[in-house]
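The block underneath contains the structure these notes are about, expressed in structure tokens.
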């Protein structure tokens, strides 16, 4: 048995002249929680559709659980649980009817694998007689995950399960994923929220169909090449313009209540401090800060351009 | 933020009930001219219902409110004329060209043909999209679409623009450039009422309200909220409040 659960080998896919995925390669280890991190248009959904055997790649090959997604597509379908980005359950069936339907399609029963979905399903069970179309966003998401899990898949493919979901529900959802990972299920999950990246074992940063980097979140952050400073002043709004106009600042991006700034070669934090003081900024504060995955993403995508 | 501002949005115990479910429960607040007001809450907290009332799309069950000087219950048509609206889900018509979208929205907001044409040129030039006049909107990169959608929402110079999760899924650099547009609209005197699930964006707002189970549980400047809840980030403030939620419905 290969130690890799998902192998993507130079996969490319275009829609007419639009390149959705360009020559992308990555490996996901058995039992790994692997995140595909990138904005809309990065090619995440196309990649998931190819892995879920719903779409043929133009070139390259991919395997899931050692099975080829093109040649062995029927067998692949038996071992994956796929949660597409768009709500894909039957809105006219009730919560329990949906779950039963998905179990039956895969030749199993809800009872047989109840333990796998128990934690999640218990939260929506009070609404089991409600049509799925009438559930709130968070509950739909939990039902969709239950339906993707009910046949005990080897690999879970979750395409943007948390998009549009509030921060609290997102944290709960990730807690569920970590538990499933600990039960040995391989999880490939995509998200546009960079803060979720740190919860993965490994991540791939993608943009415009290309890979910007693959590593553990710590590895990605650890390779950030320069010192990063968090800068603030009493007038944050003007600070934005003043940082943009300062040649000593190589980059400046707003980050919550500070700006994350990298300095051009030869510029020291003290130079920035006196520059801002000369422009009349009060209460200037410059502190070195640890880069986040989002900092790395912006740096890497700038290099691409 | 201490200077007195003209009030552009005012609500007084604004309430909406559906049967015996109270979606919005006696919310009262004021938003000033040119202010960037963040309207936060978990899914199902009542944000969308409140926003629909403020946009003149849904009649309050109880309480009152005014937007841009018009009563949301008795003058909803005047409210609609004086606001702009943009959401990630709906903003522009994908199968129309850029200029066709602008003509359509200009017409809807009662701008004349000549005025629409002049403003179209001016706006495309400002956004650096002159070359895209005849491009179908669906062929534009997402970041451009977003900028265009925002500019369309303020095309008719509304007093208030409502932005419903305007930056979802946008790449990190484009998301920040989008906020620069928000700042410049606010500087020009347009009041910005914005919802978001990115808590770093909550920090960019002048003031933030957080809804829990239909009520406003906190409302202040981000720095003051962090002090009040002794939390290092708005994310933490949000989580502490939202955990108190007891209801489960959208």
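Just so you know, all these numbers are worked out from the coordinates, no wet-lab data involved. It should be emphasised that the depicted structure is a prediction, and the values quoted were computed from it without experimental measurement. All Cβ positions, glycine included, derive from the backbone under ideal geometry; neighbour counts span all protein chains shown.
Observations
- Beta bridges assigned by DSSP with both partners in the protein assembly as shown are antiparallel in approximately 60 percent of cases.
- CD proxy at 222 nm, helix term only [per DSSP H run n ≥ 4: -39500 (n - 2.57); per residue of chain A; nearest 500]: -10500 deg cm²/dmol
- Principal-axis tilt of helix A:110-124 within chain A, Cα atoms, nearest 10 degrees: 40 degrees
- Each of B:175, A:238 was scored by other Cβ atoms within 10 Å of its Cβ. Listed from fewest to most, they are A:238, B:175.
- Peptide B:161-174 is shielded by partner chain Cβ atoms: per residue, an average of 5 of them sit within 10 Å of its Cβ.
- Both the radius of gyration and Dmax for the range B:87-157 are 10.9, 30 Å, in that order, over alpha-carbon atoms.
- The range B:71-114-the range A:251-274 distance, computed between alpha-carbon centres (Å): 40 Å
- Using alpha-carbon coordinates, inclination of helix B:172-187 to the longest axis of chain B, degrees: 90 degrees
- Shielding by partners - mean other protein chain Cβ count within 10 Å, residues of A:252-264: 3
- Counts of other chain beta carbons within 10 angstrom of each beta carbon in peptide A:158-168 average 5.
- Percent RCO, i.e. relative contact order, over chain B, from Cα pairs under 8 Å lying at least 6 residues apart: 26 percent
- Taking a ≥ b ≥ c as the square roots of the eigenvalues of the alpha-carbon gyration tensor, the range A:233-305 is classed prolate because a/c is 1.5 or more and a/b outweighs b/c.
- The range A:229-289 - percent relative contact order, Cα under 8 Å, separation 6 or more: 46 percent
- When the helices of chain B are scored as -39500 (n - 2.57) per DSSP H run of n ≥ 4 and the total is divided over every residue, the value at 222 nm lands at -10000 deg cm²/dmol.
- Of the beta bridges in chain A, as assigned by DSSP with both residues counted there, near 65 percent are antiparallel.
- With neighbours defined as other Cβ atoms within 10 Å of a residue's Cβ, the residues A:97, B:6 order from fewest to most as B:6, A:97.
- Prolate/oblate/rounded call for the range A:184-305, Cα gyration tensor, a/c under 1.5 rounded: prolate
- For chain A: relative contact order, % (alpha-carbon pairs under 8 angstrom, 6 or more apart): 20 percent
- Each residue, residue A:70 and residue B:21, gets one label point 7 Å from its Cα in the Cβ direction; the gap between the two is 4.8 nm.
- Neighbour-count ranking [beta-carbon atoms within 10 angstrom, fewest first] of A:210, A:14: A:14, A:210
- Tail beyond 23 Å, pair distance distribution of the range A:161-244 (Cα, percent): 44 percent
- Alpha-carbon centroid distance for the pair the range A:22-98 / the range A:150-206, whole angstrom: 14 Å
- Between residue A:92 and residue A:236, the FRET efficiency from the beta-carbon distance, with R0 = 56 Å, is close to 0.65.
- Convex hull of the range A:4-221 built on C-alpha atoms - directionally averaged projected area, nm²: 11.4 nm²
- Antiparallel content of DSSP bridges confined to the range B:160-219, in %, to 5: 45 percent
- The shape of the range A:28-85 comes out oblate: with a ≥ b ≥ c from the C-alpha gyration tensor, a/c is at least 1.5 while a/b does not beat b/c.
- All C-alpha pair distances within the range B:51-110, sorted into 10 Å bins from zero, spread as 22, 41, 28, 9, 1 percent across the bins.
- Spatial separation of Cα centroids for the range B:178-241 and the range B:139-153, in angstrom: 24 Å
- Hydrodynamic estimate: the Kirkwood radius of the protein assembly as shown over Cα pairs, inserted into Stokes-Einstein at 25 °C and 0.890 mPa s, corresponds to D of 97 µm²/s.
- Crossing angle, helix B:142-153 versus chain B [Cα axis fit, 0-90 degrees, rounded to tens]: 80 degrees
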